[in-house]
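Taking it in order: structure first as structure tokens, then the write-up.
The values are calculated or read from the model by the stated rules, or taken from the named source; none is laboratory data. Please read these numbers as outputs of a predicted model, since none were measured by experiment. Positions of Cβ are generated from backbone atoms using ideal geometry, with glycine treated the same way; all protein chains shown enter the neighbour counts.
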Amino acid sequence: MKKVLKSVSFVFLLLKMCIIFGQEIATKKRIIIDVGHGGKDSGAIGINGIQEKDIVLNIALEILKLNEKSEMPLDIYLTRYSDTLISLTDRSKLSKALEADVFISLHCNHSDNSNARGIEVYVANATSQYIKDATWLAFQLQAAFNKELGFESRGVKFANFQVLRETANYCASVLVELGFLSNTDENNYFSNLSNIRLSALSILLTIQNY
């Protein structure tokens, strides 16, 4: 009789674990990191020749590494994992196909004014049930770069960028301009691998808090 009770208890324990595990999977947020540019599209080119496409890819890959090492890893996908060119439409389609909860497009800035500096985050200039969440996430991202990494905050802005326009009705989506490669200080910052890791960590922690 005791053996039967133990067997029944074990079965109930397994069922309970399966239910809890299933709930964790169901509530686990899916994140899409859109890695800007790629392939023949280099994006902005820095003072020392570094390219935007490489910087954002290195940051995105570092986010994946840090996420895998975290105690409670998120469900993160990239729009590209190598130096390839993915169309803007396909980037948006991936977000919809994977039913993303958050879409973050990574970029670096450039200006004819070499003094221009800082981080700015864009949200779709649209009406959507996700705009409020996207705006909150945008403020959190720029605040993290400002407080933790010392970047000047250029504010949260609204724009009609294609990747934002095409994802705004499906999830909280933002586009991040991480800094100006036309600015000597920020160009040199992203030329350092340690700073790439710090940027990745800042983004990952902000997503985790979100």
Inset, instruction - Out of the residues in segment 89-112 that are within 17 Å of Leu175 (Cβ to Cβ), of a type outside the set (D, E, K, R) and over 16 Å from the mean Cα position of the chain (by Cα), state the one that is surrounded by the fewest Cβ atoms within 10 Å (Cβ to Cβ). - result: Thr89
Inset, instruction - All but one of (1) within 23 Å of Tyr81 (Cα to Cα); (2) among the small types (Gly, Ala, Ser); (3) in contact with a Leu (Cβ under 6 Å, 6 or more places away or on another chain) hold for Ser191, so report the exception by its number. - result: (3)
Inset, instruction - Consider only pairs whose beta carbons are under 9 Å apart and that are at least six residues apart or on different chains; among these, list those whose first residue lies in segment 57-68 and is closer than 14 Å to Ile31 by Cβ and whose second residue is surrounded by fewer than 17 Cβ atoms within 10 Å (Cβ to Cβ) and of a type in the set (Phe, Trp, Tyr). - result: Ala60/Tyr81; Leu64/Tyr81
Inset, instruction - Return the pairs, sorted by first residue and then second, in which the second residue is part of a helix (DSSP H, G or I), the first residue lies in segment 36-54 and is among the hydroxyl-bearing types (Ser, Thr, Tyr), the beta carbons are less than 6 Å apart, and the residues are 6+ apart or on different chains. - result: Ser42/Lys53
Inset, instruction - Could you tell me whether any residue of segment 196-206 is modelled with pLDDT of 95 or more and farther than 27 Å from Asp133 by Cβ? - result: yes
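Taking Asn115 as the residue in question, decide whether it is more than 18 Å from the chain's Cα centre (by Cα) and either closer than 15 Å to Leu175 by Cβ or crowded, with 16+ Cβ neighbours inside 10 Å (or both).
Considered against the rule, which asks whether it is more than 18 Å from the chain's Cα centre (by Cα) and either closer than 15 Å to Leu175 by Cβ or crowded, with 16+ Cβ neighbours inside 10 Å (or both), Asn115 comes out as no.
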Legend entry - Unmet requirement for Arg154, which otherwise passes all of (1) outside any strand (DSSP E or B); (2) farther than 19 Å from Ile31 by Cα: (1)
Inset, instruction - Identify all residues within segment 35-65 that are in a helix (DSSP H, G or I) and either farther than 18 Å from Leu198 by Cβ or among the acidic types (Asp, Glu) (or both); write none if there are none. - result: Glu52, Lys53, Asp54, Glu62
Legend entry - Those residues of segment 94-129 which are in contact (Cβ under 8 Å) with a residue 24 or more places away in the chain and assigned to a helix (DSSP H, G or I), in sequence order: Leu94, Ser95, Lys96
Inset, instruction - Quickly run through segment 93-129 and pick out the residues that are small (Gly, Ala, Ser) and over 14 Å from Leu141 (Cβ atoms). - result: Ser95, Ala97, Ala100, Ser111, Ser114, Ala116, Ala124, Ala126, Ser128
Legend entry - Verdict on Gln140 being out of contact with any Asp or Glu (no Cβ under 6 Å at 6 or more places or on another chain) and buried (at least 16 other Cβ atoms within 10 Å of the Cβ): yes
Legend entry - Output for segment 157-187, where each listed residue is surrounded by fewer than 19 Cβ atoms within 10 Å (Cβ to Cβ) and assigned to a helix (DSSP H, G or I): Gln162, Arg165, Thr184, Asp185
Legend entry - Filter result for Glu68 (surrounded by fewer than 14 Cβ atoms within 10 Å (Cβ to Cβ), assigned to a helix (DSSP H, G or I) and over 14 Å from the mean Cα position of the chain (by Cα)): yes
